[in-house]
Amino acid sequence: MTPDAIVGRLRSGMTLGIGGWGSRRKPMALVRALLRSGITDLTVVSYGGPDVGLLAAAGKIRKLVTAFTTLDSIPLEPHFRAARERGAFELVELDEAMFMQGLTAGAQRLPFLPIRAGLGSDVLRVNPRLRTITSPYEDGEELVAVPALRLDAALVHLNRADRLGNARYLGPDPYFDDLFCEAADTAYVSCERVVETSELTGQAPPQSMLISRHAVTGVAETPKGAHFTSCVPDYDRDEAFQKAYATAAGDPDAWKEFEERFLLGTEQDYQAAVQTWHKEQL
Amino acid sequence: MTQTDPTAASTASDAPSDATSDATAVTRAEYCVIACAEAWRDAGEILASPMGTVPSIAARLAKLTFSPDLLLTDGEALLIGDVPPVGAPSAVTEGWLPYRRHLTMVMGGRRHVMMGASQIDRFGNQNISCIGDWERPARQLLGVRGAPVNTINNPVSYWIPRHSKRVFVEKVDMISGVGYDSAAAAGPSATRFHDLRRVVSDLGVFDFGAPDHAMRLVSLHPGVRAEQVRAATGFPLVAADDVPCTREPTPRELRLIREVVDPKGLREREVRS
């Protein structure tokens, strides 16, 4: 599939999970396709990075479920910050481990999973929907019941995949991409390269096969599709470009220019514009 | 298992030998490194999770000296088997710790994290989420991240590179890391593994040893006066009449900081002398 074909399967109002973590292995080509679409009113579930920033800047988020939103080497995501400060969307702010429990519950078709995290913190104060549960065993502990994060669709980016949706990560961290796919009714994998199944699995340790085809609805080959986030070992984060993004995001005129230069065309246009931009920096 | 366990395979010790340091005066940043390293003294076989430059130097120093059994990460998904300088790549991997396993390790308690804080109050409630009303913040920060899970499960300390009333506040705007009063109010499941150890700032060292687990000044970095700390703190601070100075680094520690762990002097950028 192409990124635009994948986005063609999505609808306004959906709950959308986005894989990766911060500014790492984000399905940015799919996010860019979303920006070009008319889809809006989304509930976005993400360990947030520039995916959240871009969708927030485009006004496509109605509700955000997250534990943080960051560019890693630039701690504060400027679009996320600005959107929160103008009250642009509803926020469900969870702790990182609560988020993981919620996704796990979603994948396992459970209504909730218990966790100690959240007790005593303002996460419970600002999310009055969150309930606690008392252990039925002799300890009688009171724990937080994290409701399942069930997704209409998940978008993830992996290093390699076959055309059926079996996919491998080559970097050190799987993040939670398998859980995102398993917690979703439909899941779409973009990858650096689509290869034959024999090539995908021939050289690989089996535990790097993070995602199985039964949990995948569609695959797109999007070289540099995580840019400007990292996709190691294929490429590191494009720090210079990320800095330019963050700088532009802080100023409405500069942002308009950035959008026109990079985000209005196709994915190929984007990649070509990035190359040209890098040549100009020399 | 640790290197000193009788069942561990033996290896030659590569611990650096003692040497006399040069005569240069100890900087404020170096006192901060010592004070942070002390947080991990005798911690045993647990993960030291430092956030910030000075804590990263400190954790390495602790491992090279009085806490050899500490586990360290490369800042990403690997446990490192060597102690490279801060900012330099590791050459030896001893384990795999992606986020999902890291979070499980947090909940298992075999970890002592030193976090930063945009705000911290007298009971150790910490905020990294936002400033102002959460519904419509004046300034959005990172979000709560893993502060709730950290503080309720494993030992936690804090590093504040610039001590001021903006950080040391009467009441934090969004409790991300759980303080002693909040844990007590939430009940026994919240207090069971809750353990805030110390706060190190560029001015001094604090613990929660005052009545009701309130923050207490335990040492001043040389050159700092108690009144100076009080003036930069937004709540009444408990302190003894005669507060000691933060201890001096040993010559070996000073050599390790300057020549082995932080030869580029990154610590001096985080804490100006």
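For the reader, a short list of remarks on this structure follows.
- The residue that is surrounded by the most Cβ atoms within 10 Å (Cβ to Cβ), counting only those in the range B:141-166 that are over 13 Å from B:His112 (Cα atoms), within 11 Å of chain A (Cβ to nearest Cβ) and hydrophobic (A, V, I, L, M, F, W, C), is B:Val144.
- When we screen A:Val156, A:Val126 for residues that are closer than 30 Å to A:Ile211 by Cα and of a type in the set (A, V, I, L, M, F, W, C), the only hit is A:Val156.
- Residue in the range B:125-140 that is nearest to the other protein chains (Cβ to nearest Cβ), counting only those that are in contact with an Asp or Glu (Cβ under 9 Å, 6 or more places away or on another chain) and crowded, with 23+ Cβ neighbours inside 10 Å: B:Gln140
- Whether a residue is touching a strand residue (DSSP E or B) at 6+ places or on another chain (Cβ under 9 Å) and surrounded by fewer than 24 Cβ atoms within 10 Å (Cβ to Cβ) was assessed, and A:Asp95 does not pass this test.
- Selection of first residues in the range A:1-21 that are in contact (Cβ under 8 Å) with a residue 12 or more places away in the chain and in a loop (DSSP other than H, G, I, E, B) and of second residues that are surrounded by fewer than 24 Cβ atoms within 10 Å (Cβ to Cβ) and of a type in the set (Asp, Glu), restricted to Cβ pairs under 6 Å at least 6 apart or on distinct chains, gives the following pairs, ordered by first then second residue: A:Ser12/A:Asp41; A:Gly13/A:Asp41; A:Met14/A:Asp152.
- Note on the range B:219-273: residues that are among the hydroxyl-bearing types (Ser, Thr, Tyr), surrounded by fewer than 16 Cβ atoms within 10 Å (Cβ to Cβ) and in contact with a helix residue (DSSP H, G or I) (Cβ under 7 Å, 6 or more places away or on another chain) amount to 1.
- Top-ranked residue of the range A:169-219 - restricted to ones that are aromatic (Phe, Trp, Tyr) and either touching a His at 6+ places or on another chain (Cβ under 6 Å) or in a loop (DSSP other than H, G, I, E, B) (or both), ranked as surrounded by the most Cβ atoms within 10 Å (Cβ to Cβ): A:Phe176
- Residue among A:Asn159, A:Asn166 that alone is among the polar types (S, T, N, Q), in contact (Cβ under 8 Å) with a residue 40 or more places away in the chain, in contact with an Asp or Glu (Cβ under 9 Å, 6 or more places away or on another chain) and surrounded by fewer than 24 Cβ atoms within 10 Å (Cβ to Cβ): A:Asn159
- The number of residues in the range B:192-210 that are within 14 Å of chain A (Cβ to nearest Cβ), surrounded by 21 or more Cβ atoms within 10 Å (Cβ to Cβ) and farther than 16 Å from B:Asn127 by Cβ comes to 1.
- Exactly one residue out of B:Ser189, B:Ser176, B:Ser182 is in contact with a Gly (Cβ under 7 Å, 6 or more places away or on another chain), within 15 Å of A:Ala117 (Cα to Cα), within 14 Å of another protein chain (Cβ to nearest Cβ) and polar (S, T, N, Q), and it is B:Ser182.
- Test: residue in the range B:263-273 that is of a type in the set (Asp, Glu) and assigned to a strand (DSSP E or B): no
- Within the range A:170-190, residues that are within 14 Å of chain B (Cβ to nearest Cβ) sit with their Cβ atoms under 9 Å from residues that are among the acidic types (Asp, Glu) and surrounded by fewer than 22 Cβ atoms within 10 Å (Cβ to Cβ), at 6+ positions apart or across chains, in these pairs: A:Leu170/A:Glu192; A:Leu170/A:Asp234; A:Gly171/A:Asp234; A:Gly171/B:Glu76; A:Pro172/B:Asp74; A:Pro172/B:Glu76; A:Asp173/B:Glu76.
- Residue that is nearest to B:Val169 (Cα to Cα) [pool: residues in the range B:203-237 that are part of a strand (DSSP E or B) and of a type outside the set (A, V, I, L, M, F, W, C)]: B:Arg216
- Search result, residues across the range B:81-124 that are surrounded by fewer than 18 Cβ atoms within 10 Å (Cβ to Cβ), outside any helix (DSSP H, G or I) and of a type in the set (D, E, K, R): B:Asp82, B:Glu94, B:Arg110
- Residues in the range A:138-149 that are away from every other protein chain (no Cβ under 11 Å), touching a strand residue (DSSP E or B) at 6+ places or on another chain (Cβ under 9 Å) and outside any strand (DSSP E or B): A:Ala148, A:Leu149.
- Applying the criterion of being of a type in the set (Lys, Arg) and under 19 Å from the mean Cα position of the chain (by Cα) to the residues of the range B:250-273, the residue that is modelled with the lowest pLDDT is B:Arg272.
- For B:Glu38: the one exception among (1) assigned to a helix (DSSP H, G or I); (2) among the acidic types (Asp, Glu); (3) at pLDDT below 95: (3)
- Strands (runs of 3 or more DSSP E) fully within the range A:36-137 counting 2 or more residues that are facing chain B (nearest Cβ under 10 Å) and without any contact (Cβ under 8 Å) to a residue 24 or more places away in the chain: A:131-134
- Candidates B:Val229, B:Val178, B:Val199 - the one that is under 30 Å from B:Asp133 (Cβ atoms) and over 17 Å from the mean Cα position of the chain (by Cα): B:Val229
The values are calculated or read from the model by the stated rules, or taken from the named source; none is laboratory data. Keep in mind that this is a model prediction, so the values were computed, not measured. All Cβ positions, glycine included, derive from the backbone under ideal geometry; neighbour counts span all protein chains shown.
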